[in-house]
Structures are given as C-alpha cells and as structure tokens.
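Novice: Got a structure for you, questions after.
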Amino acid sequence: MSPILPPSKSAARPPASWVATLREPRLGDGGLATTLQSFGLPADQAPELWNLVRPEAVLAAHRAFAAAGSEWLQTNTFGATRARLDRFGLGDRTAEVNRRAAHLARTAAGEGRLVLGSLGPTTDPDPRRWAQHYREQVAALAPEVDGLIVETIVIADEGIAAVRAARESGRPVLATFVVHPDGSPIAGGTAVALAERLLAAGAIAVGVNCGAGLAPVLVAVRALAAARLSPLLAQPSAGLPRTIEGIPRYNLAPSGFGDWLTLLRDAGADWIGGCCGIGPDQIRAASACGGSVAGGD
C-alpha cells in the first residue's frame, strides 16, 4: 500500500471569481493517461488504479504539467465511475479512488492553479443508471476541486446527465464533446445544437476534446465561436497513434503543439489544453509561445 500523501490544506485555492475569467486565454494540461503510460502504466490497466497504488507517479505527472505552464489540472478520474471501475475490481472503492485523485491534483496545483474534476463516459448501457454513477463520483471529487469538466461526450443524453449531476454539487461545470473528422459531434446533430443543450443543462462553458487531431477541432471551434454561445474550450489529441509494444505512440513534436495553440486561439478558443498524446513537453512549448498564459512553478 502506498503511503498517504500529506494534507493539501496549505495550497491556496483560486478565488471563486475564476469563472469570470473564462473568456481570458488560459492553458491547461494534457493527456494524463498517456502521460502515465510514459511513466510505465500498462495499456491494459486503469489509470485510476494508480491513484491508490502509485500516487507518487500521478503526483509527478500533475507536477510536470504544472511546471510546464498548465494553469489548470484535471483529476485522474476520467474513468472513475463505478461502472468503469467495476471492470477492474475497484467498484467498491469508487469514492476512495476519486477522493485520492482530487487530493493528488490539489497537492500538485499549488497556489492559484485550478483543479477540475474529470468526468468521462460511464460505458454503462443503461441510461437509468447514468445520473447515479455521476452523483457518486461528483460527491467524492467536489470537496477538493474548483470545478468539474464533463469530457469526451459521445452520447448527448449521457453528457447532459453528467452536467446535471455535476451542477448539483454547486461547483461550476464545463463540458466538451468529441467530433468526427468533418467537425460534427459523434453524439449527433451540429456542434452548436449540442452546445446549446449542454449549456441549458447547466454548463457555463463548452468545447471540443480528443478526436483525430487538430483539424476536426478547429472546424467545431469556429462554428461555436461564430454562434457566440459561451466561453470555448479546445483540448485536441495529438492525432492518431501507432501502437508499439502495446502502448499508443504519438509523433506530434512539442513545437507543433505551440503552433496549434495559435491556430486554436485564432479560431476563437479561450481555454486550450490537450488530450491523448499531449504531454508536458507540448504544454511547455505552447506556454512559451502563448504570451498571455502564466508559467508554472
């Protein structure tokens, strides 16, 4: 059993007024699971397990993003609903997994950096259980996070259930969805129509994450920016990986992500981070060329 980390109470949390800065440029972190794989996480192992058995590695990943210039960190809880943890025999430890993840991110965040609790798809085929899965996860995350981010939405109603459950915590909620190569949501309809539904459910900012690289995200961000619905987030993946020895490998150079930052800003994105394959080196390059983003500790 890994030692319990010291309390993070000394870390000054950002003021609640951070919500008023959503239209100001900010740089986020990258793909936590793929970063942990570079630290030795097996591809067939749940990243969330490391909150319990390798907390020092999760903390190191968060700190690497913080040092690279990330202004917000997302918890290692993308797959931490009971439905997904059950696959790895961890369902009965759902609350513990999420609490530990929030504590690790808060510890790494330091003074003034945001922590967002990550909520991914449940993979539960029964829509009647979605709300309860998210409520359980949110209850464990909420005490140590500044907000919640519903990510990788591929089923509209599931994403809406997540947003509603997150809003019940009283924390601000952001929401991002995945798009096809043509920029249309995998969840169906148009980017603007899906964004409108997520905002109506209680999200305060919307955007796009993951996918097959920059181009589809740019298409969706431009459509959302033209509609002027809310502040916009963009968190593209590094493209499609090659699998080498069971581990996905991406070939986006750090400087390439710096170029992406400029393109996404020009398209209308406000808060920009990365998803699968975007590591601390890419975030550091983006921070160096971003100008208005804050540096890390």
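The values are calculated or read from the model by the stated rules, or taken from the named source; none is laboratory data. Only a predicted model underlies this, so the values are computations on that prediction, with no experimental measurement involved. Quick reminder, even Gly has a Cβ in these numbers, built from the backbone with ideal geometry, and neighbours come from all protein chains shown.
Novice: If I filter region 227-252 down to residues being among the aliphatic types (A, V, I, L, M) and over 20 Å from A187 (Cβ atoms), which single residue comes out as surrounded by the fewest Cβ atoms within 10 Å (Cβ to Cβ)? Give the derivation first.
Specialist: As a first pass, look at region 227-252 and keep what is among the aliphatic types (A, V, I, L, M): 227, 229, 232-234, 238, 240, 244, 247, 252.
Right, trim to over 20 Å from A187 (Cβ atoms) and you get 238, 240, 244, 247, 252.
Values: A238: 26, L240: 13, I244: 8, I247: 15, L252: 22.
Once the filter is applied, the top-ranked residue is I244.
Novice: May I pose another question? Which members of region 50-60 meet the condition of being in contact (Cβ under 8 Å) with a residue 40 or more places away in the chain and closer than 23 Å to P254 by Cα?
Specialist: V58, L59
Novice: Taking region 60-75, which residues are outside any helix (DSSP H, G or I), buried (at least 24 other Cβ atoms within 10 Å of the Cβ) and not acidic (D, E)?
Specialist: Here is the first cut: in region 60-75, the residues outside any helix (DSSP H, G or I) are 69-75.
Next, from what is left, pick out any that are buried (at least 24 other Cβ atoms within 10 Å of the Cβ): 70-75.
Result: S70, W72, L73, Q74, T75.
Novice: Also, quick follow-up: Taking the criterion of being in contact (Cβ under 8 Å) with a residue 40 or more places away in the chain, in a loop (DSSP other than H, G, I, E, B), closer than 15 Å to L85 by Cα and touching a strand residue (DSSP E or B) at 6+ places or on another chain (Cβ under 7 Å), would at least one residue in region 142-149 satisfy it?
Specialist: no
Novice: Another question, if that's okay. Name every residue in region 64-112 that is on the phi > 0 side of the Ramachandran plot and in contact (Cβ under 8 Å) with a residue 24 or more places away in the chain, in order of residue number. Can you show your working first?
Specialist: Taking region 64-112 as the starting set, the residues that turn out to be on the phi > 0 side of the Ramachandran plot are 69, 89, 110, 112.
Listed by number, the residues that qualify are G69, G110, G112.
Novice: Can you find a residue that is of a type in the set (A, V, I, L, M) and either at pLDDT 95 or above or in a strand (DSSP E or B) (or both) anywhere in region 236-243? Before you say what the answer is, go through the steps one by one.
Specialist: Step one: filter region 236-243 for residues of a type in the set (A, V, I, L, M), giving 238, 240.
Now narrow it down to the ones that are either at pLDDT 95 or above or in a strand (DSSP E or B) (or both): none.
Looking for residues that are of a type in the set (A, V, I, L, M) and either at pLDDT 95 or above or in a strand (DSSP E or B) (or both), one finds none in region 236-243, hence no.
Novice: The conditions are (1) modelled with pLDDT of 95 or more; (2) in a loop (DSSP other than H, G, I, E, B), and V208 fails exactly one of them. Which is it?
Specialist: With (1) modelled with pLDDT of 95 or more; (2) in a loop (DSSP other than H, G, I, E, B) applied to V208, the lone miss is (2).
Novice: When P248 is evaluated against the numbered criteria (1) more than 27 Å from W18 (Cα to Cα); (2) touching a strand residue (DSSP E or B) at 6+ places or on another chain (Cβ under 6 Å); (3) touching a residue at least 60 places away in the same chain (Cβ under 8 Å), which criterion, by number, is the only one it fails?
Specialist: Evaluating P248 over (1) more than 27 Å from W18 (Cα to Cα); (2) touching a strand residue (DSSP E or B) at 6+ places or on another chain (Cβ under 6 Å); (3) touching a residue at least 60 places away in the same chain (Cβ under 8 Å) leaves (2) as the failure.
Novice: Just one of the numbered conditions (1) closer than 17 Å to P185 by Cα; (2) in a loop (DSSP other than H, G, I, E, B) is not true of A223; which one?
Specialist: (2)
Novice: If I ask for residues that are closer than 20 Å to R128 by Cβ and of a type in the set (V, I, T), which ones from region 74-106 would you list?
Specialist: T81, T94
Novice: Another question about this same structure. Select from region 65-106 the residues that are among the hydrophobic types (A, V, I, L, M, F, W, C) and out of contact with any Ser or Thr (no Cβ under 9 Å at 6 or more places or on another chain) and write down the one among them that is nearest to L22 (Cα to Cα). Walk me through it before giving the result.
Specialist: Taking region 65-106 and keeping what is among the hydrophobic types (A, V, I, L, M, F, W, C), we get 65-68, 72-73, 78, 80, 83, 85, 88, 90, 95, 97, 101-102, 104-105.
Filter once more, keeping what is out of contact with any Ser or Thr (no Cβ under 9 Å at 6 or more places or on another chain): 66-67, 72-73, 88, 90, 95.
Values: A66: 19, A67: 22, W72: 12, L73: 15, F88: 36, L90: 35, A95: 29 Å.
For region 65-106, the residue satisfying everything is W72.
Novice: Let me ask something else. Quick check on my filter: what residues within region 29-59 are surrounded by fewer than 16 Cβ atoms within 10 Å (Cβ to Cβ) and of a type in the set (A, V, I, L, M, F, W, C)?
Specialist: Listed by number, the residues that qualify are F39, A43, V53.
Novice: Can you tell which of T152, T176 is modelled with pLDDT of 95 or more, touching an Asp or Glu at 6+ places or on another chain (Cβ under 6 Å) and among the hydroxyl-bearing types (S, T, Y)? Please lay out each step first, then the result.
Specialist: Working: T152 fails: touching an Asp or Glu at 6+ places or on another chain (Cβ under 6 Å).
The match here is T176.
Novice: Which of the numbered conditions does V163 fail, given that it passes all the others? Conditions: (1) in a helix (DSSP H, G or I); (2) out of contact with any Phe, Trp or Tyr (no Cβ under 7 Å at 6 or more places or on another chain); (3) surrounded by fewer than 24 Cβ atoms within 10 Å (Cβ to Cβ).
Specialist: Unmet condition: (3).
Novice: A follow-up question, please. Before we move on, is P121 within 16 Å of the chain's Cα centre (by Cα), under 26 Å from V154 (Cα atoms) and surrounded by fewer than 23 Cβ atoms within 10 Å (Cβ to Cβ)?
Specialist: So P121 fits the description; yes.
Novice: I278 - would you say it is under 22 Å from T152 (Cα atoms), among the aliphatic types (A, V, I, L, M) and part of a loop (DSSP other than H, G, I, E, B)? Before you say what the answer is, go through the steps one by one.
Specialist: On the way: under 22 Å from T152 (Cα atoms): yes; among the aliphatic types (A, V, I, L, M): yes; part of a loop (DSSP other than H, G, I, E, B): yes.
Judged against the criteria, I278 is a match.
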